[in-house]
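Peer 1: My questions all concern the structure below.
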Amino acid sequence: MGKKIFSGVQPTGNLHLGNYLGAIKNFVKLNNDNTNDCIFCVVDLHAITVKQDPKELKKNINETVATFIASGIDPKKSIIFNQSGVAAHSEGAWILSCVARMGWLNRMTQFKEKAGKDKEKASVGLYSYPILMAADILLYDASHVPVGDDQKQHLELCRDIAQKFNNDFGIDDFLKVPEPLIQKEFSRIMSLKDGSKKMSKSDLSDLSRINLSDNKDQIINKIKKAKTDLLPMPNDIKELEGRPETQNLLRIYSNLSNSTLDNSLKKFAAKNFSEFKKALSELLVDKIIPISDEIKKLLNEQSYLDSVLLDGVEKAEEIASKKVKNIKEIVGF
Ligand code: TYM
């Protein structure tokens, strides 16, 4: 039987190689398997948990839709929509926030990282954001949720919320408990400047990431400047230990060439770093530039992008409004 897939990406600009390899590339694979029902959401309600410029937000929503399509998601096969277009997400999130426990949310490491030292000044939305994410998933009875490793804890919370709701109201399996789909080897693409930090759109240094909108020269320059170590290229997995930057670059190479880490290690064993970096840049240019060109093209087709979202919102609305209606009945409204 096919899977019911739901996943989301925040429209906060600078979609990067981590988003692509950790999530979007997998969305495309799931979209192409005709047995799955896929829904991909531009989570604009999540984006406003930190301050956004309204004009930029609109632009970033367009860019995220364009990135989905340019990467290979077919809007005729998968539902692509923006979260704020479907009121059930906000409604469902409120009801589920009365099911989730403070203690559960207090354990969320991403809130601690994002709020930083000044927790008092973080928005309430940033704190309760994983509940909105749970509503996103549960409203569609998703069986599987493809995400990068950083979202694993939020998915566990979603599972806990579903189970508690079902228990509290005595209805087995009403909210479907979803499974995460996390690609083991590529679940955490790291910064090009620091192998201990995740590649992130909020990193101040643009050199830390490959953006999906970068041009050829930018990609080549970023790989040239990517941090490595002073040792020669490793011969095997053992020689990769304690070398996070080299490991990250080799993982990126393996993923993009649809190869294994072992094979990439063999290919570059005892070669010069410069030779490896050249091959990696060429591969990145080969894979990323067509996407980046297609994004630019699609951004000039505003009415097409609007029609994709309009159509997606209509289809998503039909599913989610029914589920939230049932939730309200169960609760006693
Ligand atoms: P967001 O927008 O931060 O990231 C989108 C997806 O990209 C993955 N990702 C990475 N994967 C590997 N390496 C990295 N360096 C890297 N950086 C980002 C993320 O894991 C994610 O899969 N809360 C979510 C969005 C969301 C959602 C949902 C996801 C809202 N509702 C429902 C799934 C289901 C987020 O902020 O992702």
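The values are calculated or read from the model by the stated rules, or taken from the named source; none is laboratory data. As the structure is a computational prediction, the values presented were derived from the model and not from experiment. Reconstructed Cβ throughout: ideal geometry from the backbone, glycine too, with neighbour counts over all protein chains shown. What goes into the accessible areas is simple: the full protein's heavy atoms, side chains included, and nothing from ligands, DNA or RNA. Shrake-Rupley method; radii C 1.70, N 1.55, O 1.52, S 1.80 Å.
Peer 1: Mind grabbing the base-10 log of I(q)/I(0) for region 13-92 at q = 0.14, 0.15, 0.27 Å⁻¹? Debye formula, identical points on the C-alpha positions, no solvent, two decimal places.
Peer 2: Treating every Cα as an identical point scatterer, log10 I(q)/I(0) equals -0.50, -0.57, -1.35.
Peer 1: At a 1.4 Å probe, what is the % contribution of carbon and sulfur to the accessible area of region 142-183?
Peer 2: Values: 740 of 1870 Å².
Reported share for carbon and sulfur atoms: 39 percent.
Peer 1: Moving on to the next point. With a sphere of radius 15 Å drawn around the Cβ of Lys267, what net charge do the other residues whose Cβ falls strictly inside it have (Lys, Arg +1; Asp, Glu -1)? Show your work: numbers first, answer last.
Peer 2: On the way: positive: Arg251, Lys266, Lys271, Lys277, Lys278; negative: Asp236, Glu239, Asp262, Glu275, Glu282.
Neighbourhood net charge equals 0.
Peer 1: Oh, and also: Work out how much length Asp173 to Lys152 would gain on full extension: take 0.36 nm times their residue separation and subtract the Cα-Cα distance, in nm to one decimal.
Peer 2: Numbers: separation 21, 0.36 × 21 = 7.56 nm, distance 2.15 nm.
Once the chain is fully extended between Asp173 and Lys152, it gains 5.4 nm.
Peer 1: Given the pairs Lys51/Lys119; Lys114/Lys315; Lys59/Lys325; Lys3/Lys152; Lys176/Lys325, which span a C-alpha to C-alpha distance of over 24 angstrom in this model? Don't skip to the end; give the middle numbers.
Peer 2: Details: Lys51/Lys119 15 Å; Lys114/Lys315 33 Å; Lys59/Lys325 33 Å; Lys3/Lys152 19 Å; Lys176/Lys325 16 Å.
The answer is Lys114/Lys315; Lys59/Lys325.
Peer 1: So, by mean Cβ neighbours within 10 angstrom, what's the order for 310-321, 207-218 with the highest one leading? Numbers along the way, then the final one.
Peer 2: Working: 310-321: 16.7, 207-218: 18.8.
The densest-packed peptide leads the list: 207-218, 310-321.
Peer 1: Obtain the nm distance between the two label points defined at Lys114 and Asn263 by a simple spin-label model: each point lies 7 Å from its Cα along the Cα-to-C-beta direction.
Peer 2: Those two pseudo-labels are separated by 3.7 nm.
Peer 1: Set the Förster distance to 56 Å, then compute FRET efficiency between Asp53 and Met1 from the Cβ-Cβ distance, nearest 0.05. Intermediate values should be presented prior to the final figure.
Peer 2: On the way: r = 44 Å, r/R0 = 0.79.
Efficiency computed from Cβ-Cβ geometry: 0.80.
Peer 1: Any idea which of Val42, Ser128, Asn221 is furthest toward the positive side of the dipole for the chain, if Lys and Arg beta-carbons carry +1 and Asp and Glu beta-carbons -1?
Peer 2: Asn221
Peer 1: Using every Cα-Cα pair within region 66-183, state what percent have a distance larger than 16 Å.
Peer 2: Details: 4492 of 6903 pairs.
Here the long-distance tail beyond 16 Å is 65 percent of all Cα pairs in region 66-183.
Peer 1: Could you check how much of the accessible area of region 206-297 is carbon and sulfur, as a whole percent, using a 1.4 Å probe? Kindly include the intermediate steps, with their values, before the conclusion.
Peer 2: Details: 2450 of 4700 Å².
Result for region 206-297: 52 percent of the exposed heavy-atom area is carbon or sulfur.
Peer 1: Still on this model: Just grab the label-to-label distance for Ser205 and Met102, each label 7 Å out from Cα along the Cβ direction, in nm (one decimal).
Peer 2: Output for this residue pair reads 4.0 nm.
Peer 1: Could you order Arg107, Arg188 so the one with the most accessible surface comes first? Probe is 1.4 Å.
Peer 2: Values: Arg107 145, Arg188 100 Å².
Largest accessible area first, the residues go Arg107, Arg188.
Peer 1: If you take every residue apart from Ala88 with its C-beta less than 11 Å away from the C-beta of Ala88, what net charge results, scoring Lys and Arg +1 and Asp and Glu -1?
Peer 2: Values: positive: Lys322, Lys323, Lys325, Lys328; negative: Glu91, Asp136, Glu317, Glu318.
It works out to a net charge of 0.
Peer 1: If R₀ is 45 angstrom, what is the calculated FRET efficiency for the pair Glu241 and Gln163, using the beta carbon separation as r and rounding to 0.05? Provide the component values of the computation, followed by the final result.
Peer 2: Details: r = 39 Å, r/R0 = 0.86.
My answer for the efficiency is 0.70.
Peer 1: Related question: Suppose R0 equals 45 Å. What FRET efficiency, 1/(1 + (r/R0)^6) with r the Cβ-Cβ distance, do Lys328 and Lys184 give to the nearest 0.05?
Peer 2: Working: r = 39 Å, r/R0 = 0.87.
Computed FRET efficiency for Lys328 and Lys184: 0.70.
Peer 1: I'd like to know how region 206-297 sits against the 2.2 N^0.38 Å rule of thumb: what's its Cα Rg over that expected value? Kindly include the intermediate steps, with their values, before the conclusion.
Peer 2: Details: Rg = 13.4 Å, N = 92, 2.2 N^0.38 = 12.3 Å.
Against the empirical 2.2 N^0.38 Å value, I get 1.09 for region 206-297.
Peer 1: Please report, to one decimal in angstroms, the Kirkwood hydrodynamic radius of region 148-285 built from all distinct Cα-Cα pairs. Intermediate values should be presented prior to the final figure.
Peer 2: On the way: mean 1/r = 0.0585 Å⁻¹.
Taking the inverse mean of 1/r over all distinct Cα pairs, region 148-285 comes out at 17.1 Å.
Peer 1: While we're on this one: Identify, among Asn211, Asn14, Met190, the residue whose Cα sits farthest towards the positive end of the charge dipole of the chain, taking +1 on the Cβ of Lys and Arg and -1 on the Cβ of Asp and Glu, with the dipole about the Cα centre.
Peer 2: Met190
Peer 1: Normalised by the number of residues in the chain, what is the relative contact order in percent for Cα pairs under 8 Å and 6+ residues apart? Don't jump to the answer; show the numbers that get you there.
Peer 2: On the way: 483 pairs, mean separation 76.3, N = 333.
Relative contact order comes out at 23 percent.
Peer 1: Given 0.36 nm per residue, what is the gain on full extension from Asn215 to Lys121 after removing their alpha carbon distance, in nm?
Peer 2: Numbers: separation 94, 0.36 × 94 = 33.84 nm, distance 3.71 nm.
Taking 0.36 nm per residue and subtracting the Cα distance, the gain is 30.1 nm.
Peer 1: For the chain, take the alpha-carbon Rg, divide it by the Kirkwood Rh, and send me Rg/Rh.
Peer 2: Values: Rg = 20.7 Å, Rh = 21.0 Å.
With Rh from the inverse mean 1/r over Cα pairs, Rg/Rh is 0.98.
Peer 1: Hey, what do the phi angles of region 167-178 turn into as Karplus ³J(HN,Hα) couplings, whole Hz, using 6.51/-1.76/1.60 and θ = phi - 60°, x for Gly and Pro?
Peer 2: Along region 167-178, the couplings run 5, 4, 9, x, 10, 4, 6, 5, 8, 6, 7, x Hz.
Peer 1: Okay, next question. Report, in debye and to the nearest 20, how large the dipole of region 206-297 comes out about its Cα centre when Lys and Arg carry +1 and Asp and Glu carry -1 on their Cβ. Write out the running numbers ahead of the final one.
Peer 2: On the way: 17 positive and 14 negative charges, 26 e Å.
Dipole magnitude for region 206-297 comes out near 120 debye.
Peer 1: With +1 on each Lys and Arg Cβ and -1 on each Asp and Glu Cβ, how big is the dipole of the chain about its Cα centre, in debye rounded to the nearest 20?
Peer 2: Values: 49 positive and 45 negative charges, 170 e Å.
So the magnitude is around 820 debye.
Peer 1: Could I ask something else about it? Roughly how many nanometres apart are two label points built 7 Å out from the Cα toward the Cβ at Asp311 and Lys271?
Peer 2: If labels sit at Asp311 and Lys271, their model points lie 4.2 nm apart.
Peer 1: Express the accessible area of the chain per residue in Å², computed with a 1.4 Å probe while the remaining protein chains stay in the model. Mind dumping the intermediate values first?
Peer 2: Values: 16360 Å² over 333 residues.
With the other protein chains kept in place, the chain gives 49 Å² per residue.
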